[in-house]
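Okay, structure first, notes after.
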Amino acid sequence: MPVFEYKCNNCGAKFDFLHKSSSNIEEVFCPSCKSNDSKKLLSSFSASMGTASYSNGGCSDGSCAVPSVPSCATGMCGLN
């Protein structure tokens, strides 16, 4: 069951919506103003590997928060 992030074009609220199926996407209504005029946003994700968690940050200063990854030369720790 995919979860997507949306932004309402009517009131500007951001919200998540859990769809029952990825093949049958239901109409989305804003929980704040009940408008169906919303835009799906591109969201980042997090991954869990063993006992550590990694998200899409940590390389802004050129260092990597992941000890097993030697550098962030590409701007990404290899897990983002």
(Q) Given the criteria surrounded by 12 or more Cβ atoms within 10 Å (Cβ to Cβ) and modelled with pLDDT of 55 or more, does CYS72 qualify? (A) no
Q) Would you pick out the residues in region 19-44 that are closer than 11 Å to PHE4 by Cα and at pLDDT below 90? A) HIS19, SER22, ILE25, LEU42, SER43, SER44
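The values are calculated or read from the model by the stated rules, or taken from the named source; none is laboratory data. Keep in mind the model is a prediction, meaning the values are calculated, not measured. Virtual Cβ from ideal backbone geometry, glycine too; neighbours counted across all protein chains shown.
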